Structure formats: structure tokens, C-alpha cells
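Here the structure comes first, spelled out in C-alpha cells, and everything after it is commentary.
The values are calculated or read from the model by the stated rules, or taken from the named source; none is laboratory data. If you're wondering where the values come from, they're calculated on a predicted model, not measured in any experiment. In this analysis, Cβ positions are derived from the backbone assuming ideal geometry, glycine residues included, and neighbour counts consider all displayed protein chains. Side chains included, ligands, DNA and RNA excluded: accessible areas come from the protein's heavy atoms. Shrake-Rupley method; radii C 1.70, N 1.55, O 1.52, S 1.80 Å.
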Amino acid sequence: MITGASQADGAVLIIDALEGVRDQTRRHGYLLHLLGVKQVAVVVNKMDRVDFSAARFKEISDEISAHLIRPRRHAGGGDPDSARDGDGVAERTPRISLVRRADRVEALDALEPARPLEALALRLPVQAIYKFDDRRIVAAASSSGQLAAGDEIVIMPRARLQKSGASRAGR
């Protein structure tokens with residue numbers, strides 16, 4: 001779970017309707033938070049095992065929403081489905097219509113794709129600092145954002161203002 005989530009822009013957290021929210025569900029939600037996954041689509045699966053009970057769905061939905069909001073996650077309450085018979089997976093069906101917000105495909109389509117690295121704030125992790133007489137040359141590789149020759153940058157932690165150099169090796 002950690003390997004997959006570490007590179008994910010969004011996640012689908014699937015909860016068994018009969019078992020409900022368990023410790024592992026909470027741990028997965030917390031791990032998503034730690035890994036910085038900001039979009040979580042919650043699906044309450046196996047609704048056929050609880051006779052498509054709106055009360056059971058609401059109970060699970062309220063519990064997971066409270067848990068995911070605490071670490072600043074927005075779950076939207078979740079969406080029910082029954083994958084065994086396809087109820088709510090790719091389309092809404094009459095059996096699931098009492099508690100249905102969206103089918104699983106719509107829930108996935110609602111996730112927003114990540115912005116490209118160039119559209120994010122500039123981050124230049126420093127790799128090395130070379131000292132020549134009174135001069136300092138800072139070697140860094142851009143991990144996000146864009147930088148052009150002549151742009152002003154602030155070097156932390158001292159917050160010194162510098163002009164970027166003419167060289168743009170790498171990204």
C-alpha cells in the first residue's frame with residue numbers, strides 16, 4: 001500500500017459494508033495523509049451483504065468521514081457499490097439508488113489530476129556549495145517549478161536574495 005500510494009495523486013479506499021471501518025482502514029487513511037495524498041475516493045463495497053441498507057451505509061460513511069477529515073482529508077462520505085453484481089461500479093442500479101451518489105467510475109473521474117511539476121512552486125534542493133575566494137557557487141537541481149537566468153531567488157535558511165546564474169543544466 002505504501003509503495004503504490006507514495007507516487008499517487010489520489011486513492012480509492014474500499015470498505016467492506018459488513019465489516020465496516022476497521023483499524024487497518026484507519027491506518028490506511030492515516031498513511032495516505034502522511035504520504036501527502038490529498039484526494040481520497042471512499043467506496044463502501046459489498047452492499048449486497050447488508051441488503052443495500054441505507055442506515056448501514058450512513059453509519060460507515062459518517063465514521064470514515066470523521067476519521068479522514070481529522071487529518072485534513074475530504075472523503076465526501078463515500079459511495080456504495082456491490083462489485084459482485086456490478087451495482088454502482090460502472091452505473092447506478094435500482095438496488096443501490098437509495099444511497100447512491102455516484103458510481104465508482106464517476107468517483108474516479110472526479111479526482112483531479114496532479115499539476116505538472118513545472119506549474120508548482122520552485123524547489124531547488126541544494127546538492128553542493130563550491131567556495132572560490134569570496135564567491136560561492138550553489139549547485140542545485142530543480143525538483144519543481146521553473147527558473148530562468150536572471151530570476152531572483154531566496155536561499156534559505158538565511159533568506160539571502162540572489163540572482164540565478166546563466167546556466168540551466170538539468171531541468
message: Taking the criterion of being under 19 Å from Val105 (Cα atoms), at pLDDT below 85, out of contact with any Cys (no Cβ under 9 Å at 6 or more places or on another chain) and buried (at least 17 other Cβ atoms within 10 Å of the Cβ), would at least one residue in segment 44-52 satisfy it?
response: no
query: Before we move on, is Pro71 more than 30 Å from Met156 (Cα to Cα) and either among the basic types (Lys, Arg) or at pLDDT below 85 (or both)?
result: no
task: Of the conditions (1) of a type outside the set (Asp, Glu); (2) open to solvent by less than 30 Å² (accessible area, probe 1.4 Å); (3) in a helix (DSSP H, G or I), Ala11 clears all except one; give me its number.
output: (3)
- request: Kindly indicate which of Ala139, Ala119, Ala114, Ala83 is open to solvent by less than 70 Å² (accessible area, probe 1.4 Å), more than 27 Å from the chain's Cα centre (by Cα) and either modelled with pLDDT of 70 or more or at positive phi (or both).
  value: Ala139
